[in-house]
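Novice: My questions will all concern the structure given below.
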Amino acid sequence: MKTEISIENIKSELIKSCVSYNAKSFIPFLMSNNVLTGMPNKTRFYSFFKYMVNCTKQCSEGQLTYKIEHEEIQNNQISYYLNFYDKIHKYSRLSIEIKETKDNIYLDTLPF
């Protein structure tokens, strides 16, 4: 059953699932009514998200940290990239495009 969870809780759990390399923990939040994805459906999004998290785990050194980058506010919508970095690489190991409004959050996983 799909439910509504606050945008802040969704973002928090997304970050937690990425830094712990545990994509499965994000499933209940992904299924919320106020989560939209760039994929045809949430199952496809999860499949690619899980793949990207696993790839990040394989190619990263140490604990991941995150930064919110390229933040823009337009027409009551905040757009930004949630980028995850490890301790040695210059470029992000995982990048997620996020667009949020008062009621919804849009997620899209960017390829390497």
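Novice: For the range 76-112, give me each residue that is within 21 Å of residue 41 (Cβ to Cβ) and not acidic (Asp, Glu). If you could, list the steps in order and put the result at the bottom.
Specialist: Taking the range 76-112 and keeping what is within 21 Å of residue 41 (Cβ to Cβ), we get 96-101, 103-111.
Matches in the range 76-112: 96, 98, 99, 101, 104, 105, 106, 107, 109, 110, 111.
Novice: Assess whether residue 68 counts as being closer than 17 Å to residue 98 by Cβ, without any contact (Cβ under 8 Å) to a residue 40 or more places away in the chain and β-branched (Val, Ile, Thr).
Specialist: yes
Novice: Out of 21, 51, which single residue is open to solvent by 60 Å² or more (accessible area, probe 1.4 Å) and more than 15 Å from residue 106 (Cα to Cα)?
Specialist: 51
Novice: Same structure, new question: When you look at residue 68, is it in contact with a Leu (Cβ under 7 Å, 6 or more places away or on another chain), exposed (fewer than 14 other Cβ atoms within 10 Å of the Cβ) and either modelled with pLDDT of 90 or more or not aromatic (Phe, Trp, Tyr) (or both), yes or no? Outline the logic, then answer.
Specialist: Numbers: in contact with a Leu (Cβ under 7 Å, 6 or more places away or on another chain): yes; exposed (fewer than 14 other Cβ atoms within 10 Å of the Cβ): yes; either modelled with pLDDT of 90 or more or not aromatic (Phe, Trp, Tyr) (or both): yes.
Spelling it out, residue 68 is indeed in contact with a Leu (Cβ under 7 Å, 6 or more places away or on another chain), exposed (fewer than 14 other Cβ atoms within 10 Å of the Cβ) and either modelled with pLDDT of 90 or more or not aromatic (Phe, Trp, Tyr) (or both).
The values are calculated or read from the model by the stated rules, or taken from the named source; none is laboratory data. What you see is a predicted model; the values in this text were computed from it and never measured. Don't worry about glycine lacking a Cβ; one is built from the backbone with ideal geometry, like all the others, and counts go over all protein chains shown. Heavy atoms of the whole protein, side chains included, go into the accessibility calculation; ligands, DNA and RNA do not. Shrake-Rupley method; radii C 1.70, N 1.55, O 1.52, S 1.80 Å.
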